[in-house]
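K.L.:
So that we are looking at the same thing, I have put the structure below in structure tokens.
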Amino acid sequence: MKIAFIVGKFPVLSETFVLNQIIGLISRGHEVDIYGYQPDDTFKVHPDVEKYHLLARTHYPPEIPRNYLLRFLKGLQLVLTNFPKAPLVLLRSLNFFKYGGRATCLRLLYSVIRLLKAQPYDIIHCQFGTFAQEGLILRDIGAIQGKLITTFRGYDISQVVHQRGEDVYDSLFAKGDFFLANCEYFKKRAIKLGCDEKKIVVHGSGIDSSRFPFKLRNPHPDGKIRITTTGRLIEKKGIEYSIRAVAKVSRIHQNIEYNIIGDGYLKESLQQLIEELNIADKVHLLGWKNQPEIIEILDNSDIFMAPSVTATNGDQDAPVNTLKEAMLMTLPVIATRHGGIPELVQDGISGFLVPERDADAIAEKLSYLIEHPEIWSQMGQAGRTYVESNYDINKLNDELIQIYRQILSNDLHSQDLALVAST
């Protein structure tokens, strides 16, 4: 199959779930092109980006000048230079009557340029509903051809709906060919918003279990308890509450260390909180790490925390891959009853679930785990088994290809399609 991925910034370390699907398709002999945007930071990338030469498959739009006059002049040059290749497509991209701001600001025109040499695709797979809206327009104007599939992953079916209204995806639901949700929680939300329940299935974000070594968890000889969180430093990740919990626990258990992997706009305020709580010697903001570095840190950890919360803008999490990684490395976890996370963490079996924004509840469970190291291995093994059974990347990539094939055969409403995604 010939497949186009329409994504956001690519490649970025926080979206290994997109990378895993692309690599899975390529390794199974399918042709994949990636249409994304230049990331802000290319210093750290996943090793597979180079291994599979993914940048050679990635197509970026021309850089858009901030100054509108320069943007217009550059846009005019792009039209004149490329007009013989696809005159109707270029003219349609400027139809501000139909496409509004996307056309008047010339972003649609700039986006079209990278597609002028594209051949028809079997599948156009849009990661996140927001980029599916762009993909739908690109298909509408004839810039790209193929069956359009949308994967809802989190902010697109929570924050975007909260900000733009419950009708934001009406056109997409009407014209899109099929939809995937990465958890049951977001599938139900999409159906409530108007998605045909016969055109959507749950397809989880897969993870390569073989990259995360099994290890029985026991206390370190030095007696130090090492706790880790991986995630962007944004409100939705709730890291403020885990920091406060560690501060509380450290009054009793002083030999603890909390490492936070990630970066984001809350970095300065979180660092200030750490200093205000007088725990700068125990809590460390490590910045972004690539996957081998993350594995090394997790390997030396004892407990993992994922204190996600519903942000004030409505943003919510699915069963996040960072939790899956920690569970594969047999770490007991503390997470919140939030979004799709309860579909991943079995309370009292692979870890503990606590209410959102409740630092005291996090501290209580953290203290319990510190005081009962004899349950670490049991919980860790339960977590690894669950992730291996439900989120194995090879199984899920095989499932994705089956979904593609049934969509191409127009067998969209068969019971078999739902069964594929539930096995």
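K.L.:
Out of THR151, THR81, THR104, report the one residue that is touching a strand residue (DSSP E or B) at 6+ places or on another chain (Cβ under 7 Å) and of a type in the set (Ser, Thr, Tyr). Step through it out loud before you land on a result.
P.N.:
Numbers: THR81 fails: touching a strand residue (DSSP E or B) at 6+ places or on another chain (Cβ under 7 Å); THR104 fails: touching a strand residue (DSSP E or B) at 6+ places or on another chain (Cβ under 7 Å).
Matching residue, one of THR151, THR81, THR104: THR151.
K.L.:
Applying the selection to region 99-150, what residues are of a type in the set (Phe, Trp, Tyr), touching a Lys or Arg at 6+ places or on another chain (Cβ under 9 Å) and not in a loop (DSSP other than H, G, I, E, B)?
P.N.:
If the condition is that a residue be of a type in the set (Phe, Trp, Tyr), touching a Lys or Arg at 6+ places or on another chain (Cβ under 9 Å) and not in a loop (DSSP other than H, G, I, E, B), then TYR99, TYR110 are the ones that fit.
K.L.:
Could you check ALA306 against (1) within 18 Å of the chain's Cα centre (by Cα); (2) among the hydrophobic types (A, V, I, L, M, F, W, C); (3) surrounded by fewer than 22 Cβ atoms within 10 Å (Cβ to Cβ) and say which number it fails?
P.N.:
Checking ALA306 against (1) within 18 Å of the chain's Cα centre (by Cα); (2) among the hydrophobic types (A, V, I, L, M, F, W, C); (3) surrounded by fewer than 22 Cβ atoms within 10 Å (Cβ to Cβ), the one that fails is (3).
K.L.:
Test ILE234 against the criterion of being at pLDDT 95 or above and in contact with a helix residue (DSSP H, G or I) (Cβ under 9 Å, 6 or more places away or on another chain), and give yes or no.
P.N.:
It is false that ILE234 is at pLDDT 95 or above and in contact with a helix residue (DSSP H, G or I) (Cβ under 9 Å, 6 or more places away or on another chain).
K.L.:
Report every pair of residues separated by at least 6 positions or lying on different chains whose Cβ atoms are under 9 Å apart, first residue within region 194-205 and without any contact (Cβ under 8 Å) to a residue 40 or more places away in the chain and within 17 Å of VAL161 (Cβ to Cβ), second loosely packed, with under 15 Cβ neighbours inside 10 Å and of a type in the set (A, V, I, L, M).
P.N.:
Close Cβ pairs satisfying both conditions: GLY194/ALA174.
K.L.:
Considering only region 238-272, state which residues are aliphatic (A, V, I, L, M) and within 14 Å of LEU369 (Cα to Cα).
P.N.:
If the condition is that a residue be aliphatic (A, V, I, L, M) and within 14 Å of LEU369 (Cα to Cα), then ALA245, VAL246, VAL249, ILE252, ILE256 are the ones that fit.
K.L.:
Another question about this same structure. So which of LYS215, LYS237, LYS187 is under 27 Å from the mean Cα position of the chain (by Cα), surrounded by fewer than 18 Cβ atoms within 10 Å (Cβ to Cβ) and not hydrophobic (A, V, I, L, M, F, W, C)? Step through it out loud before you land on a result.
P.N.:
Values: LYS237 fails: surrounded by fewer than 18 Cβ atoms within 10 Å (Cβ to Cβ); LYS187 fails: surrounded by fewer than 18 Cβ atoms within 10 Å (Cβ to Cβ).
Only one candidate passes the filter, namely LYS215.
K.L.:
So, one more: Residue check, GLU293 against (1) at pLDDT below 95; (2) among the acidic types (Asp, Glu); (3) surrounded by 15 or more Cβ atoms within 10 Å (Cβ to Cβ), all met but one. Which one?
P.N.:
(3)
K.L.:
So which residues in region 306-336 are farther than 26 Å from PHE152 by Cβ and part of a strand (DSSP E or B), if there are any at all?
P.N.:
Here is the first cut: in region 306-336, the ones farther than 26 Å from PHE152 by Cβ are 329-332, 334.
Once the filter is applied, which keeps residues that are farther than 26 Å from PHE152 by Cβ and part of a strand (DSSP E or B), region 306-336 yields only ILE334.
K.L.:
For the subset of region 364-414 comprising residues that are outside any helix (DSSP H, G or I) and free of Cβ contacts under 8 Å to residues at least 40 places away in the same chain, which member is farthest from ARG28 (Cα to Cα)?
P.N.:
Taking the candidates together, the pick is HIS372.
K.L.:
Would you list the helices (runs of 4 or more DSSP H) that sit entirely within region 1-89 and hold 3 or more residues that are surrounded by 12 or more Cβ atoms within 10 Å (Cβ to Cβ)?
P.N.:
Values: elements: 16-27, 47-51, 68-82.
It comes to 16-27, 68-82.
The values are calculated or read from the model by the stated rules, or taken from the named source; none is laboratory data. All of these numbers come straight from a predicted model, not from anything done at the bench. Every residue, glycine among them, receives a Cβ derived from its backbone with ideal geometry; neighbour counts consider all protein chains shown.
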